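What follows is a single structure, written as structure tokens, with notes after it.
The values are calculated or read from the model by the stated rules, or taken from the named source; none is laboratory data. Keep in mind that what you see is a predicted model, and the values were worked out from it rather than measured. All Cβ positions, glycine included, derive from the backbone under ideal geometry; neighbour counts span all protein chains shown. To get the accessible areas, we keep the full protein, side chains included, count just its heavy atoms, and leave off ligands, DNA and RNA. Shrake-Rupley method; radii C 1.70, N 1.55, O 1.52, S 1.80 Å.
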Amino acid sequence: MSLKDNIKNNPKLKKLVHWMLIPTGEARPRLWVKWFVNPFIHKKGKGSKVRRRTRMDVLPFNQFQLGANATIEDFCTINNGVGDVFIGDNSLIGMGNVIIGPVSIGNNVIFAQNIVASGLNHEYRDVNQPIHAQKILVAPIVVEDDCWIAANSVITSGVTIGKHSVIAAGAVVTKNIPPYSVAVGNPAKVIKRFDFEVNDWVRV
């Protein structure tokens, strides 16, 4: 049995290791993890940039990868505590975004400002327990290559946004968006698709 499996199968050991990595009640890793562990575990491609005012809540027990020439701008929060976070080559994560894994963002993707993409949800149905004491639910978000996610959008867990799609400003994406689509509103609905036969964007 691997070390990781031993830790997972021993509740006391798991709690101790978790405390060593993250202060109680927080999501941010301890400084020793940030300085001496993460740089050797997580992958950053050539020419990639993480701006100084970004909050990187990334931990060694899940993956974080930033592609070549990709940028994470100031005032973002990136969290892989409950799932991997992958950001592809030449992708831009604009100012003030919150990305909570599991999230996979493709190549040449533009995230504008103040977007929330969270693969995490909280169970709430047991009314005899406070919500924070109930289990965490996760479902991966996938944003395929060449997409543009406009400002103030929200992408909920379990959603896939297809290749070369546009999500309009302020949209709340709760269901999958097909490739080559434009989606607007709350909940987001597709209003245009690219028609390869006429070689143009057409209203749905």
Is it possible to state the helix-based mean residue ellipticity at 222 nm for the chain, with each DSSP H run of 4+ residues giving -39500 (n - 2.57), the sum divided by total residues, to the nearest 500 deg cm²/dmol? What is it? -3000 deg cm²/dmol
Taking Cα pairs closer than 8 Å and at least 6 residues apart, the relative contact order of segment 127-201 in percent is 21
Helix axis angle, 11-21 relative to the chain longest principal axis, alpha carbon, degrees: 70
Within the set Lys163/Lys192; Lys14/Lys175; Lys15/Lys44; Lys8/Lys34; Lys15/Lys135, which residue pairs have Cα atoms separated by over 24 Å? Lys14/Lys175; Lys15/Lys44
How would Glu26, Glu73, Glu197 rank on accessible area, largest to smallest, probe 1.4 Å? Glu197, Glu26, Glu73
Spacing of the two label points (7 Å from each Cα toward its C-beta) at Lys135 and Trp148, in nm: 4.1
Amide H to amide H, which residues 5 or more places from Leu59 or on other chains are under 5 Å from it, using H placed in the peptide plane? Asn80
The chain, Gaussian network, Cα under 10 Å: of Val138, Val182, Val127, the residue fluctuating most is Val127
Based on alpha-carbon centroids, what's the gap between segment 93-171 and segment 1-55 in Å, whole number please? 22
Report, in debye and to the nearest 20, how large the dipole of the chain comes out about its Cα centre when Lys and Arg carry +1 and Asp and Glu carry -1 on their Cβ. 760
Return the distance in nm (one decimal) between the two label points of a simple spin-label model at Trp32 and His164, each offset 7 Å from Cα along Cα→Cβ. 5.1
Could you give the longest part of the chain that holds none of the trypsin sites (Lys or Arg not before Pro) found in DSSP loops with at most 13 neighbouring Cβ atoms within 10 Å? 54-124
Can you give me the distance in nm between label points at His18 and Asn128, each placed 7 Å from the Cα along the Cα-to-Cβ direction? 2.2
Need one number: % antiparallel among DSSP beta bridges in segment 119-173, to the nearest 5. 35
Overall Cα dimensions of segment 121-169, principal axis frame, Å, largest first: 44, 19, 11
Trp19 accessible area, nearest 10 Å², 1.4 Å probe? 130
Could you go through segment 34-46 in sequence order and give the Karplus-derived ³J(HN,Hα) for each residue, using 6.51 cos²θ - 1.76 cosθ + 1.60 with θ = phi - 60°, rounded to whole Hz, and x for Gly and Pro? 4, 7, 10, 10, 4, x, 9, 10, 8, 9, 10, x, 4
How large is the convex hull of the C-alpha atoms of the chain per residue, in Å³? 148
Pair-distance profile P(r), taking every C-alpha pair of segment 35-99, with 10 angstrom steps and integer %: 24, 60, 16
Volume per residue, Å³, of the convex hull around the alpha-carbon atoms of segment 120-204? 99
Within the chain, the percent of DSSP beta bridges that are antiparallel, given to the nearest 5, stands at 20
Taking 8 Å as the Cα distance limit and 6 or more residues as the minimum spacing, I'd like the relative contact order of segment 1-143 as a percentage. 15
